[in-house]
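Engineer: My questions will all concern the structure given below.
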Amino acid sequence: MSSTYQDNQYRGKLEELSLLFEISQILDQSLDLKQVIQPVLTAVTDHLGMLRGTITLLNRNTREILIEAAYGLSPSERQRGRYKLGEGITGKVVQSGQPKIIPRISEEPEFLNKTGARRARQYQDISFICVPVKIGNETVGALSVDREFVGESKLQEDVRILSVVASMIAQAVKIRQSVMEERQQLLEENDRLHRELEERFQPSNIIGKSKAMQHVYDMVAQVSKSDATVLIRGESGTGKELVAQAIHYNSPRAGKSLIKVNCAALPETVIESELFGHEKGAFTGAISTRKGRFEAANGGTIFLDEIGDLSPMTQVKLLRVLQEKEFERVGGNETIRTNVRVIAATNRNLEHLMEETAFREDLYYRLNVFPIHIPPLRERRDDILLLADHFIGKYGESNHKTIQRISTPAIDLLTNYHWPGNVRELENCIERAVLLSVDGVIHSHHLPPSLQSAESTNTQIHGSLQETLDNLERELLMDALKSTKGNMARAARMLDITERIMGLRIKKHGIDPKNFRTRS
């Protein structure tokens, strides 16, 4: 064996040891693959003369092989490098756990060039080496390189070196793979929870799946777990009390009392005593000490409905409770502390009341910590039939009647009506219809006259506008003459027209006043 051959072997061993030592130092700095992969690939490039290199990882959940890090590839080329198990050279190496050498990729039909990084004119002299990255017996990815063809024996030597490098970075690859999969699982879990929140979170006491109500459910879910003061806004009959109940029963205070106070239903002389209690002898009729609603709600929630109707003096005392969490009973000197969550509701324009100095600005801002707007029923038409079905079940059961369906004309009336009374009006309409139904069907004629249309009552307007106006004018003239027993002068005054115009109109319509005179 010549000394030159021995010298070359010796230099090769030194280069290999130098490469492995450099990689070990890089890996000692961090086991985060993102931090070490580029220096590792650069070191391999410097020692092996690599043109391109990639580390691919197998996602154990999706069974897809993706490029995690690369050298010599553009971002778009990296993105295209996706393989299934057994697909292409990379897929076969990960599937089998055995390295593969392609001396000339131009001669290998299984080489897919998915990244598009190799140009056709370069194929002739490019070799591709792919070795598995293994943890024990499990293949977790692959390390692959492109290099110029240098002969079969040199490629075999490269496989040996790359296999050693792959085993050195395997631990970092495993950690990165676990992080990647955990992140994917977290993202999927986050998406699932968001979908469940959108699709499943719905207070059990509220009916509705419309987008407008879904926003309300999201707000309820967000605020329920806190102690923040909530101000529920919305028209009368929209279900503000139900939202207050949903907040309370989904909160940590659910095991405590929910005390409801309708501020508009109590006289001004009584509301203060109701809220804060009174001492014996505080006023005429106060024969004993009485706890107020705030004391009764201690540890729980108090719902103040129609908050816009509170008197100015009561507003001052309520503001103190919100700020200081304390109050005195009417006629008492003892300061009582309370731990109560306040939920208020109103259908009035508090901003307009503030401009008129009928509602305190400081109280408004104390109440308006977390506002929730309940949409009127006309803005959530998708919920009308859901609500109707709910009320049919409710009143069918209470009246021992089985309602099987709503007729199509009735559905049209329900969905086209503007519902000024909101859900409360709909409930009353359905209760009435259930009582009137005799065949298990809600028909259009079971609904109140306010919902009826010209088509449903067969009262469409016939003829021209002028004919309709003439008929109306004739009816008004005849009604006035009936009331005045044919006295044209009195009839003219009743209709607020002159006697001359009265005469002309009577002549036009061929009306004889004598026909309305009472015969003696």
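The values are calculated or read from the model by the stated rules, or taken from the named source; none is laboratory data. Quantities reported herein were computed from a predicted structural model and do not represent experimental measurements. Counting neighbours? That spans all protein chains shown, and the Cβs are built from the backbone with ideal geometry, glycine included.
Engineer: Take the residues of the range 446-460 that are surrounded by 14 or more Cβ atoms within 10 Å (Cβ to Cβ) and over 35 Å from the mean Cα position of the chain (by Cα): which is modelled with the highest pLDDT?
Structural biologist: Going through the range 446-460, the residues surrounded by 14 or more Cβ atoms within 10 Å (Cβ to Cβ) turn out to be 446-447, 451-453, 456.
Those left that are additionally over 35 Å from the mean Cα position of the chain (by Cα): 446, 452-453, 456.
On the way: H446: 91, Q452: 77, S453: 63, S456: 54.
Applying the filter and picking the extreme gives H446.
Engineer: Ok, one more. Closer than 23 Å to L367 by Cα and basic (K, R), is that true of R290? Lay out the reasoning, then the answer.
Structural biologist: On the way: closer than 23 Å to L367 by Cα: no; basic (K, R): yes.
Spelling it out, it is not the case that R290 is closer than 23 Å to L367 by Cα and basic (K, R).
Engineer: Please identify the pairs in which a residue from the range 482-511 that is in contact (Cβ under 8 Å) with a residue 24 or more places away in the chain has its Cβ atom under 6 Å from the Cβ atom of a residue that is polar (S, T, N, Q) and assigned to a helix (DSSP H, G or I), counting only partners at least 6 apart or on another chain.
Structural biologist: Matching pairs, first to second residue: none at all.
Engineer: Say whether the condition of being surrounded by fewer than 16 Cβ atoms within 10 Å (Cβ to Cβ) and modelled with pLDDT of 85 or more is met by at least one residue in the range 65-72.
Structural biologist: Among the residues of the range 65-72, not one is surrounded by fewer than 16 Cβ atoms within 10 Å (Cβ to Cβ) and modelled with pLDDT of 85 or more, which makes the answer no.
Engineer: Against the definition (closer than 24 Å to V164 by Cα, buried (at least 17 other Cβ atoms within 10 Å of the Cβ) and free of Cβ contacts under 8 Å to residues at least 24 places away in the same chain), how does K100 come out, yes or no?
Structural biologist: Working: closer than 24 Å to V164 by Cα: yes; buried (at least 17 other Cβ atoms within 10 Å of the Cβ): yes; free of Cβ contacts under 8 Å to residues at least 24 places away in the same chain: no.
In short, no.
Engineer: Another question, if that's okay. What number goes with the only condition from (1) touching a strand residue (DSSP E or B) at 6+ places or on another chain (Cβ under 7 Å); (2) of a type in the set (S, T, N, Q); (3) without any contact (Cβ under 8 Å) to a residue 60 or more places away in the chain that Q214 does not pass?
Structural biologist: (1)
Engineer: Now for a different question. Which one of A296, A264 is touching a strand residue (DSSP E or B) at 6+ places or on another chain (Cβ under 6 Å) and surrounded by fewer than 16 Cβ atoms within 10 Å (Cβ to Cβ)?
Structural biologist: Working: A264 fails: touching a strand residue (DSSP E or B) at 6+ places or on another chain (Cβ under 6 Å).
Of A296, A264, the one residue that is touching a strand residue (DSSP E or B) at 6+ places or on another chain (Cβ under 6 Å) and surrounded by fewer than 16 Cβ atoms within 10 Å (Cβ to Cβ) is A296.
Engineer: If I ask for residues that are touching a Gly at 6+ places or on another chain (Cβ under 8 Å) and modelled with pLDDT of 90 or more, which ones from the range 113-132 would you list? Reasoning before the result, please.
Structural biologist: To start, the set of residues in the range 113-132 that are touching a Gly at 6+ places or on another chain (Cβ under 8 Å) comprises 114-115, 117, 132.
Passing the criteria: only P132.
Engineer: If you don't mind, another one. Can you tell me which residues in the range 484-498 are surrounded by 13 or more Cβ atoms within 10 Å (Cβ to Cβ) and assigned to a helix (DSSP H, G or I)? Talk me through it step by step, then tell me what you get.
Structural biologist: Within the range 484-498, the subset surrounded by 13 or more Cβ atoms within 10 Å (Cβ to Cβ) is 484, 486-488, 490-495, 497.
Matches in the range 484-498: M488, R490, A491, A492, R493, M494, L495.
Engineer: Of all residues in the range 261-291, count the ones that are in a helix (DSSP H, G or I), under 40 Å from the mean Cα position of the chain (by Cα) and not aromatic (F, W, Y).
Structural biologist: If we filter the range 261-291 for residues that are in a helix (DSSP H, G or I), which is where we start, we get 268-276.
Of the ones still in play, those that are also under 40 Å from the mean Cα position of the chain (by Cα) are 271-272, 274-276.
This time we only want the ones that are not aromatic (F, W, Y), so: 271-272, 274-275.
So the count comes out to 4.
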